[in-house]
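Worksheet for the structure shown next.
Derivation of every value follows stated rules applied to the coordinates shown; laboratory data play no part. Just so it is clear, the structure is predicted and the values come from calculations on it, not from any experiment. Glycine gets a Cβ as well: all are built from the backbone with ideal geometry, and neighbour counts include every protein chain shown.
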Amino acid sequence: MAKSFKKIHAALALVLALCTLLLCGCESDRVVAGEEYILAARQAYAALDSARVDVINDATGVSEQIFIYKYDEKGIMTYSYIGRSEDISIAQYNNGYEQFTNENGEYTSLESTDDGFAAYSKDAPYPYASEGLILFYKKAVIDEQSYIAQNEDAIEVCHVYDVSKLDGTGADDSLTSFVVKYYFDGEGNLLFMQEISEMAEPDGAVETHSYSIYITERNEVDSVPNLVENPDDPQIPDLDLDSIV
């Protein structure tokens, strides 16, 4: 699926690239705004046995990326990923023993003995199921522009990033501004996070893109659906993101 990420719209590709890295960039002698809540949320997420992740385009309200996973009693992961951006449509299902993919109508399958197959587990999770999903790249946070605001019902943490310090994270060269906002309830439980990027266009214009990442169905996924359409098997439902949004 990583190769497919490169074909996604640049702003969404940035979100995905950062999510798939175990970013922390910790500095032991420096504390940034809201750090304790973010670190606790990362630890809590990594401990889950199942969940659903939605990456929602804030401008359209559409969930452009959906990732559902569950570990079995042996710790083997089953996941289902579906996504779309512009003219790209991708679906992938992997249960640790076989993998099915449909990318823009092209169907492929792999078994565990095939080259290129990857299985994931509790000990070696898929990046979307690791703490890296909850972005925290401490060394790039600008202290003077970041903040935490809270009352008894809610907590908001805002980190403004120095984009020049995001080298090596997969950030696009056209990125000119990057902000992450984390929203917690009054007890410090993460509700969702928002990633806002500004990107320079070839004509000199700057476009703003905003995506919100929600983690739901925590430890409540009964089974992971296989939503990969196989043209040779009419029993497999048509790929339709809207049906599970």
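Exposure proxy check: Leu166, Leu110 ranked by fewest other beta carbons within 10 Å?
Leu110, Leu166
What nm value, rounded to one decimal, do you get for the distance between Glu86 and Ser121 when each label is placed 7 Å out toward the C-beta?
It works out to 4.0 nm between the two label points.
In debye, nearest 20, what is the charge dipole magnitude of segment 92-178 about its Cα centre with +1 on Lys and Arg Cβ and -1 on Asp and Glu Cβ, if you could check?
240 debye
Would you mind checking Lys70/Lys181; Lys70/Lys138; Lys74/Lys138 for any pair whose Cα atoms are more than 32 angstrom apart?
Lys74/Lys138
Compute the projected area of the convex hull of the Cα atoms of segment 84-212, averaged over all viewing directions, and report it in nm² to one decimal place.
Mean projected area for segment 84-212: 11.5 nm², to one decimal.
Specify whether the C-alpha gyration tensor of segment 157-232 places it in the rounded, prolate or oblate class, a ≥ b ≥ c being the square roots of the eigenvalues: rounded for a/c under 1.5, otherwise prolate if a/b is larger than b/c and oblate if not.
oblate
Please report, in whole Å, how far the alpha carbons of segment 120-189 spread along each principal axis, starting with the longest.
37, 35, 17
If I model segment 23-127 as equal point scatterers sitting on the Cα atoms and use the Debye formula, what is log10 I(q)/I(0) at q = 0.10, 0.14, 0.18, 0.20 Å⁻¹?
-0.40, -0.73, -1.01, -1.11
What is the magnitude of the charge dipole of segment 114-239 about its Cα centre, with +1 placed on the Cβ of each Lys and Arg, -1 on the Cβ of each Asp and Glu, and no other charges, expressed in debye to the nearest 20?
520 debye
Please give, to one decimal in nm, the separation of the simple spin-label points placed at Ala154 and Asn219, each 7 Å out from Cα toward the Cβ.
Placing both labels 7 Å along Cα→Cβ, they lie 2.7 nm apart.
Along the charge dipole of segment 160-221, Cβ charges K/R +1 and D/E -1, which of Tyr214, Ser177, Gly188 sits furthest on the positive end?
Positive-end residue among those listed: Gly188.
What percent does the relative contact order of segment 143-192 come to when contacts are Cα pairs within less than 8 Å and at least six residues apart?
38 percent
Short version: ³J(HN,Hα) in whole Hz for each residue of segment 33-40, in order, from phi by Karplus 6.51 cos²θ - 1.76 cosθ + 1.60 (θ = phi - 60°), x for Gly and Pro, what are they?
Karplus values, whole Hz, x for Gly and Pro: 3, x, 4, 5, 6, 5, 5, 5.
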